[in-house]
Amino acid sequence: MSRFFATGTDSESESSSEEEQVQRQPAAAFTFSDDEEETKRVVRSTKEKRYEELTNLIKQIRNHKKIKDMSSMLSSFEDLTRAYQKALPVIAKEESGVTPRFYVRILAELDDFINEVWEDKDGRKNMNKNNSKSLGSMRQKLRKYIKDFEKELTTFREAPDGDDEDEAEEEDVDSDDSDAKPVKKTVPKLEQEKAAKKPAAGDDGDESDDSMDWGSDSDTSSSEDEEDIYTNIRDRFLKKPEKEEEETKREKKERRDRGKRREEEDDGGVWETVRGGVAIPSEKPKMFAKDAEIDVNLVVRKLSEIMAARGKKRTDRREQIELLHELQNISELHNLGPAINFKIRLAIIAAIFDYTPKVSDAMKPEYWTKLLDRIPDAMDVLLANPDMQVAEEILEEHEQFDQEPYQIRGCVLTVVERLDEEFVKLLKECDPHSNEYVQRLKDEIKVTQIIDKVQTYIEHQNKPAEICRIYLRKIEHLYYKLDGTVLEKREGRMPADTVTSVDVMERLCKYVYAKDNTDRLRTRAILCHIYHHALHDNWFEARDLVLMSHLQETIQHSDPSTQILYNRTMANLGLCAFRHANIKDSHSCLVDLMMTGKVKELLAQGLLPQRQRERSKEQEKIEKQRQMPFHMHINRELLECVYLVSAMLIEIPPMAANDEKEVRRRINSENFYRLLRGSERQNLVGPPESMRDHIVAASKAMRNGDWSLCYNFIVNETMNRKVWNNCAQADNVRTMLKRLIQEESLRTYLFTYSNVYDSISMEKLSQMFELDKPVVHSVISKMIINKELIASINEPSQSVVMHHDLRPRKLQSITLQLAEKVSNLFELNERRLNGEQRRQRLW
């Protein structure tokens with residue numbers, strides 16, 4: 001009789017079948033063909049595979065620990081943390097979120113080992129460079145990682161030698177008993193929710209690899225059912241009663257369905273029902289348990305748990321914002337108080353800021369809109385509770401949410417500063433000539449309202465350093481804007497007690513001057529104050545501030561943004577001086593800016609082409625971040641025109657007088673001279689087209705003493721459209737230009753044609769240049785006093801008498817210049833000879 005049908009106990013039949021299998025293995029190769037050969041398929045659950053991966057890595061770490069291979073240990077530890085992350089879905093499902101004891105044990109062993117090696121300074125000195133570097137990295141990463149397992153480690157260290165079924169898994173991973181003994185502390189709830197919601201990365205690849213060896217689903221399920229149901233091979237083929245056979249089939253079907261569900265979960269979750277091509281969203285994880293008692297401490301713990309994932313790579317920022325909104329609704333529903341409400345609102349604002357991954361990128365418009373809605377709501381809560389203290393100095397352990405005075409860790413001033421920076425980024429992201437820019441610029445009203453609310457709160461707290469910071473934010477939103485009420489108040493059309501932007505700037509800046517302890521805030525406040533005065537034609541106040549501050553001596557040591565503000569201030573101050581007919585002051589304010597040829601970059605209104613200046617991509621990115629928004633730009637063509645007109649009014653009269661010494665001394669108007677030389681080199685000069693052409697043509701007309709032609713080149717329809725209409729008080733500026741051109745043309749005429757006249761009537765000069773006689777008398781008197789014109793005024797005849805004998809002729813002038821040069825050369829040689837004689841005496 002064959003052993004297959006032998007009777008006996010189950011254990012005997014199992015042992016006999018195993019012996020028969022071992023004995024018949026060699027013969028099986030000759031009995032069956034390759035097609036009929038059966039290979040044994042082992043079906044393992046996802047839990048077994050995950051635990052096997054963890055235990056293999058733990059064995060590697062212990063082996064590296066024995067030989068103190070820190071580099072390999074660091075690599076294995078990183079693989080271990082990733083493997084544990086992949087095993088979180090299994091732990092959350094099978095173990096109810098309980099951390100396996102063997103995993104806690106290896107963390108404790110690593111912690112003790114790293115601390116021991118770190119304290120052994122002699123041993124660290126003997127390490128090679130790679131191991132020493134890996135030890136530091138390992139220590140830092142381990143200390144950061146085990147913070148989530150502090151209570152589990154504490155519980156484990158209290159009873160490290162207790163019964164541990166997981167240790168058996170480390171020795172034999174393939175054993176059937178793979179249940180881990182729970183530690184009291186569970187995995188953080190946020191990680192459980194994430195793990196339950198989406199499977200860990202890498203599961204699909206593992207399952208696909210295993211499925212290559214399993215065969216079809218039916219074979220897998222049938223083999224699993226058969227191994228679980230039948231105790232030996234003999235019972236598999238014996239006939240059973242119908243009732244028992246039905247129960248066996250039912251059990252098979254249940255196990256098969258359970259296996260399919262497990263495979264679906266491992267492959268990426270169960271199938272979702274689709275209606276009309278749109279997937280029905282899965283239910284969000286619940287914030288709290290149904291029977292949980294919602295109180296302040298529970299909400300604070302949940303808030304800390306949500307914010308702990310902030311900044312991590314795989315954090316879903318949108319989901320984080322949704323969780324915080326849900327937590328806020330729960331807090332308001334249970335009336336937990338304004339402190340916890342404000343704390344959650346601050347967390348929502350921070351999460352919205354974090355939604356943009358790169359700091360240099362602008363925020364998305366929809367999140368910018370949410371930000372403008374959330375910050376005022378938070379500030380309303382704060383202003384409604386003035387005794388609530390919000391400061392960065394308050395530690396999280398000392399926060400109070402349930403009783404007054406409320407104390408919250410945070411900084412509303414930092415929120416406003418970040419909001420202001422994001423607003424500038426959004427403006428720079430838009431096309432300045434589109435309606436989008438205009439719509440985005442309207443948000444400045446909301447931004448300034450938020451600044452006012454924060455200012456009210458900080459003034460109530462009475463912290464001077466923070467008050468100076470919020471005042472500077474308000475100043476920077478105000479300094480470049482023209483207030484029409486200032487002119488109306490100056491002309492008497494407004495009451496004397498009307499508060500204008502100049503009064504507000506005066507109050508804010510003076511507080512910063514008195515209370516600020518940092519040079520940067522004070523410097524920026526002074527520059528903004530000067531800019532605002534110059535914008536409203538307060539020339540003398542702006543000039544006095546510049547002279548008293550001595551900023552021109554120390555500005556080169558400031559940060560780039562402050563230097564840009566200085567350049568903008570000096571440009572606006574030059575325009576103000578020009579409107580007040582202070583031509584020399586205007587020229588001195590603009591000359592340093594215009595001589596560089598990089599006005600666009602110095603004012604942060606654009607970048608020069610790459611061919612004109614070599615820069616790396618990183619430098620170009622930094623310079624783009626410093627650019628000013630379009631609505632704050634200064635008209636560069638107006639700046640250049642004012643500079644060239646000022647240079648023309650200053651330089652043309654000395655050039656007509658042939659005063660070479662004076663011309664050489666005025667080397668700072670090099671740009672103007674370059675334009676004149678370029679025009680003189682041209683063989684054919686056509687009618688002027690550009691702004692520069694008009695000024696060159698006007699300069700030539702002034703050099704000939706033709707003031708009307710000069711004025712027509714400076715003031716005409718083309719120049720009005722391009723330049724003068726963009727200038728404040730354009731009519732007054734054109735009137736002022738006419739008067740200055742008449743006076744300087746008179747001086748140029750006298751310099752040019754004084755050799756022709758023995759005397760000339762002042763009445764004739766008054767008619768030629770359409771000036772009043774007192775003005776002509778004043779101009780000629782100044783020229784005589786300054787020894788520019790060698791003449792005298794005959795009062796009875798009201799004429800100018802030229803003294804040709806006293807004026808050196810051309811040959812005499814050249815002889816005097818030669819004598820001066822010879823004298824300088826002689827003195828130089830004498831000094832050199834004396835030096836040689838002194839050295840010879842020393843030798």
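The values are calculated or read from the model by the stated rules, or taken from the named source; none is laboratory data. Nothing here was measured: the structure is a model prediction, and the numbers come from that model. With ideal geometry, Cβ positions are generated from the backbone for all residues, glycine too; neighbour counts draw on all protein chains shown.
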**Q.** For VAL546: the one exception among (1) in contact (Cβ under 8 Å) with a residue 24 or more places away in the chain; (2) under 23 Å from GLU491 (Cα atoms); (3) part of a helix (DSSP H, G or I)
**A.** (2)
Q | Criterion: part of a helix (DSSP H, G or I), in contact (Cβ under 8 Å) with a residue 40 or more places away in the chain and of a type outside the set (Phe, Trp, Tyr) - qualifying residue of ALA647, ALA701 | A | ALA647
Q) Does any residue in the range 757-782 that is free of Cβ contacts under 8 Å to residues at least 40 places away in the same chain come within less than 7 Å, Cβ to Cβ, of a residue that is among the acidic types (Asp, Glu) and in a helix (DSSP H, G or I) six or more places away or on a different chain, and which pairs are these? A) LYS773/GLU763; VAL779/GLU743
Q: Consider ILE714 carefully, then state whether it is in contact with a strand residue (DSSP E or B) (Cβ under 7 Å, 6 or more places away or on another chain) and modelled with pLDDT of 90 or more.
A: no
Q: Report yes if ASP122 is surrounded by fewer than 17 Cβ atoms within 10 Å (Cβ to Cβ), free of Cβ contacts under 8 Å to residues at least 60 places away in the same chain and assigned to a helix (DSSP H, G or I), otherwise no.
A: yes
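One line per residue, one yes/no per condition, for (1) within 30 Å of ASP483 (Cα to Cα); (2) within 54 Å of the chain's Cα centre (by Cα); (3) modelled with pLDDT under 90; (4) small (Gly, Ala, Ser):
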residue	(1), (2), (3), (4)
ASN725	yes, yes, no, no
LEU740	yes, yes, no, no
THR752	no, no, yes, no
ASN755	no, no, yes, no
LEU765	no, no, no, no
MET768	no, no, no, no
LEU771	no, no, no, no
VAL775	no, no, no, no
MET783	no, no, no, no
Q: Could you grab me the full set of residues in the range 400-432 that are without any contact (Cβ under 8 Å) to a residue 12 or more places away in the chain and outside any helix (DSSP H, G or I)?
A: GLN403, CYS430, ASP431
**Q.** Given (1) more than 21 Å from ARG568 (Cα to Cα); (2) assigned to a helix (DSSP H, G or I), number of the condition TYR471 does not satisfy
**A.** (1)
Q.
Of the conditions (1) modelled with pLDDT of 90 or more; (2) over 45 Å from the mean Cα position of the chain (by Cα), ARG692 satisfies every one except a single condition; which number is it?
A. (2)
Q: Could you check VAL359 against (1) of a type outside the set (S, T, N, Q); (2) without any contact (Cβ under 8 Å) to a residue 60 or more places away in the chain; (3) outside any loop (DSSP other than H, G, I, E, B) and say which number it fails?
A: (3)
Q: Just one of (1) under 21 Å from the mean Cα position of the chain (by Cα); (2) free of Cβ contacts under 8 Å to residues at least 40 places away in the same chain trips up MET632, so point out which.
A: (2)
Q: Could you tell me whether the range 742-753 includes any residue that is touching a strand residue (DSSP E or B) at 6+ places or on another chain (Cβ under 9 Å) and more than 28 Å from ASN635 (Cα to Cα)?
A: yes
Q: Return the residue satisfying two criteria in turn: it lies in the range 296-335 and is surrounded by 13 or more Cβ atoms within 10 Å (Cβ to Cβ) and basic (Lys, Arg), and of such residues it is farthest from the chain's Cα centre (by Cα).
A: LYS302
Q. So which of GLU397, GLU417 is over 16 Å from ALA347 (Cβ atoms) and at pLDDT 90 or above?
A. GLU417
Q. If you check ASP387 against the conditions, is it in the same structural domain as GLN407 (by TED's automatic domain parsing), part of a loop (DSSP other than H, G, I, E, B) and either touching a residue at least 60 places away in the same chain (Cβ under 8 Å) or more than 20 Å from VAL300 (Cα to Cα) (or both)?
A. yes
Q: Name the single residue, out of those in the range 73-94 being of a type in the set (S, T, N, Q) and in contact (Cβ under 8 Å) with a residue 40 or more places away in the chain, that is farthest from ILE58 (Cα to Cα).
A: GLN85
